[in-house]
Ligand SMILES: Cc1cc2nc3c(=O)[nH]c(=O)nc-3n(C[C@H](O)[C@H](O)[C@H](O)COP(=O)(O)OP(=O)(O)OC[C@H]3O[C@@H](n4cnc5c(N)ncnc54)[C@H](O)[C@@H]3O)c2cc1C
């Protein structure tokens with residue numbers, strides 16, 4: 001039986017839910033507050049915006065994430081289908097061109113006759129059948145209502161990686177290489193000889209850390225990265 005469902009939030013989860021429900025024959029209203037309002041992490045007015053990394057992590061079905069990708073593909077996930085179309089080389093990771101990825105999802109939503117997109121901020125939990133997919137940075141009024149239902153403990157902390165444009169990279173310092181020797185050998189840009197400055201910045205970190213040094217066999221140069229545990 002066809003139902004009317006309100007999906008709140010046009011991120012990855014909301015778009016996946018809207019498209020799948022519509023494919024199943026339900027009428028969907030997708031409420032996304034953009035372009036009127038953005039979360040602090042958003043930089044575009046598109047649906048399904050990847051706010052940080054463009055990697056959906058490993059696509060190797062021999063580990064848990066890659067296996068989940070494969071299961072989603074076989075289940076007909078529209079998000080995975082768009083990711084596969086927007087894929088860029090990234091070793092064994094499923095990384096996407098974020099603009100193309102969002103564009104594909106937005107086009108699929110716009111083209112679906114059973115999805116109506118409404119640009120509005122939802123401030124109260126809907127009375128009708130609804131999916132709340134407003135993500136970690138749910139707008140404050142709705143977050144307060146969810147918090148009142150969920151009680152204490154509704155928190156989200158994360159850091160965001162800056163998006164660096166290709167033209168701004170000094171290619172006399174950076175070089176193309178593989179990550180962990182996966183892919184065709186030139187999927188990532190790395191910077192050579194940054195060990196001393198990496199150590200200096202580690203000393204300023206307040207959290208325990210470890211320094212990881214790897215050697216690119218392809219170029220015979222070394223690179224280092226610092227990770228907080
Ligand atoms: C700073 C930061 C860095 C992150 N880095 C990564 C990363 O590198 N890799 C990773 O996998 N995940 C990362 N995440 C988590 C990331 O947000 C999720 O992986 C993914 O975006 C979750 O998808 P979602 O659809 O649940 O939420 P979102 O993508 O956040 O989508 C929710 C949508 O709901 C809309 N919305 C919010 N409130 C309302 C409202 N009241 N009414 C209407 N619309 C509303 C928002 O505008 C947004 O479009 C990061 C999150 C943050 C905040």
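Worth pointing out:
- Matching entry among 77, 55, 102 (being within 15 Å of the ligand (Cβ to nearest atom), touching a residue at least 24 places away in the same chain (Cβ under 8 Å), surrounded by fewer than 20 Cβ atoms within 10 Å (Cβ to Cβ) and within 26 Å of residue 157 (Cα to Cα)): 55
- Qualifying positions in the stretch 12-43 - over 18 Å from residue 103 (Cα atoms) and without any contact (Cβ under 8 Å) to a residue 12 or more places away in the chain: 24
- For the stretch 154-179, a residue qualifies if it is away from the ligand (no atom under 16 Å from the Cβ), part of a loop (DSSP other than H, G, I, E, B) and either within 17 Å of residue 88 (Cβ to Cβ) or assigned by TED's automatic domain parsing to the domain that holds residue 59 (or both), and the qualifying residues are 165, 169, 178.
- Taking the stretch 121-149 as the range and being exposed (fewer than 10 other Cβ atoms within 10 Å of the Cβ), more than 10 Å from the ligand (Cβ to nearest atom) and free of Cβ contacts under 8 Å to residues at least 60 places away in the same chain as the test, the residues that pass are 127, 149.
- Of all residues making up the stretch 24-38, the number that are near the ligand (Cβ under 7 Å from one of its atoms) and either closer than 30 Å to residue 187 by Cβ or assigned to a strand (DSSP E or B) (or both): 2
- Single residue of the stretch 4-23 satisfying the filter (part of a strand (DSSP E or B) and within 13 Å of the ligand (Cβ to nearest atom)) that is nearest to residue 36 (Cα to Cα): 8
- Of note, residue 94 does not satisfy the criterion of being in contact with a strand residue (DSSP E or B) (Cβ under 6 Å, 6 or more places away or on another chain), outside the structural domain of residue 8 (by TED's automatic domain parsing), outside any helix (DSSP H, G or I) and surrounded by 12 or more Cβ atoms within 10 Å (Cβ to Cβ).
The values are calculated or read from the model by the stated rules, or taken from the named source; none is laboratory data. This one's a predicted model, so the numbers in the text were calculated from it and none came from an experiment. Cβ: placed from backbone, ideal geometry, glycine included. Neighbour counts: every protein chain shown.
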